[in-house]
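Scroll down for the structure; my scribbles are underneath it.
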Amino acid sequence: SVSELVTLIGQWLDGSQRREKALSLVRQGHGLTYSIDDLSDEATDLRQKAVQAQREIPTWASDEQKFQFWEIEDRASNLEAQAVVYHTRRAQLFRNALAHKHDLVEAHTALAEHYRASHEEAEIAGDMIGAQRSELLLREHVALLPKGIPTAKNLRNYLEGTGYVSVFSQPTGA
């Protein structure tokens with residue numbers, strides 16, 4: 001009947017709108033990546049400048065002389081804090097996308113990559129609790145990805161600890 005057709009079309013449009021809204025949120029999240037990277041890079045540069053300034057000032061120097069590197073350290077800390085806020089906001093945007101479309105591959109992929117990076121950072125920092133938390137969340141999103149996409153395969157390999165190694169020898173065949 002006509003009313004059933006109208007209902008079906010309405011449901012289809014609603015689903016299409018939900019998908020577009022979800023994709024928009026994923027794009028916004030990806031857009032924050034550049035800001036996060038820029039803030040992190042700038043903070044790292046400032047930390048290095050602070051260390052260099054600290055080396056140039058003797059330990060017995062006055063507070064006025066030490067103020068220079070303290071100020072640089074404070075600016076670096078502020079940038080790092082801002083990067084953490086953006087990092088958290090990016091994950092929120094990806095999760096919000098799933099609230100609009102729970103099976104959106106792009107959102108699950110983005111979250112899986114987000115948690116893979118968090119897992120790697122936690123392991124490098126020796127934060128075993130953070131690594132376990134990130135791994136658990138990573139596994140959750142990887143499990144929801146279709147098996148055929150390359151990103152899913154790479155993430156599964158990461159979780160299994162498998163990869164590829166190329167070995168080159170000199171002289172050839174040695």
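Taking the numbered list (1) at pLDDT below 90; (2) out of contact with any helix residue (DSSP H, G or I) (no Cβ under 9 Å at 6 or more places or on another chain); (3) of a type in the set (F, W, Y) in turn, Y34 passes all entries but (1).
Taken over the range 35-71, residues that are more than 22 Å from Y86 (Cα to Cα) and among the aliphatic types (A, V, I, L, M) amount to 5.
Within the range 51-63, does at least one residue satisfy the condition of being open to solvent by 70 Å² or more (accessible area, probe 1.4 Å), farther than 28 Å from V142 by Cα and in contact (Cβ under 8 Å) with a residue 12 or more places away in the chain?
Yes: one or more hits.
For the range 123-174, how many residues are touching a Leu at 6+ places or on another chain (Cβ under 7 Å) and open to solvent by 100 Å² or more (accessible area, probe 1.4 Å)? Residues in the range 123-174 being touching a Leu at 6+ places or on another chain (Cβ under 7 Å) and open to solvent by 100 Å² or more (accessible area, probe 1.4 Å): 1 in total. May I ask you to list pairs of residues, at least six apart or on different chains, whose Cβ atoms are under 6 Å apart, with the first in the range 91-110 being closer than 14 Å to L32 by Cβ and the second being not in a helix (DSSP H, G or I)? Listed by first residue and then by second, the contacts come to A97/L104. Between L111, L93, L79, L98, the distinction of being surrounded by 18 or more Cβ atoms within 10 Å (Cβ to Cβ), under 30 Å from I57 (Cβ atoms) and modelled with pLDDT of 95 or more belongs to L79 only. Select, from A152, A131, the only residue that is more than 21 Å from T88 (Cβ to Cβ), of a type in the set (G, A, S) and part of a helix (DSSP H, G or I). Residue meeting the stated conditions: A152.
Please go through the range 82-124 and pick out each residue that is outside any helix (DSSP H, G or I) and closer than 14 Å to E140 by Cβ. Listed by number, the residues that qualify are H102, D103.
Pick out the one residue from E20, E71, E4, E42 that is in a helix (DSSP H, G or I), open to solvent by 80 Å² or more (accessible area, probe 1.4 Å) and at pLDDT 95 or above.
On the way: E20 fails: at pLDDT 95 or above; E71 fails: at pLDDT 95 or above; E4 fails: at pLDDT 95 or above.
Result of the check over E20, E71, E4, E42: E42.
The values are calculated or read from the model by the stated rules, or taken from the named source; none is laboratory data. What you see is a predicted model, and the numbers here were worked out from it, not measured in a lab. Cβ sites come from the backbone with ideal geometry, for glycine too, and all protein chains shown count toward neighbours. Note: areas computed on protein heavy atoms with side chains; ligands, DNA, RNA excluded. Shrake-Rupley method; radii C 1.70, N 1.55, O 1.52, S 1.80 Å.
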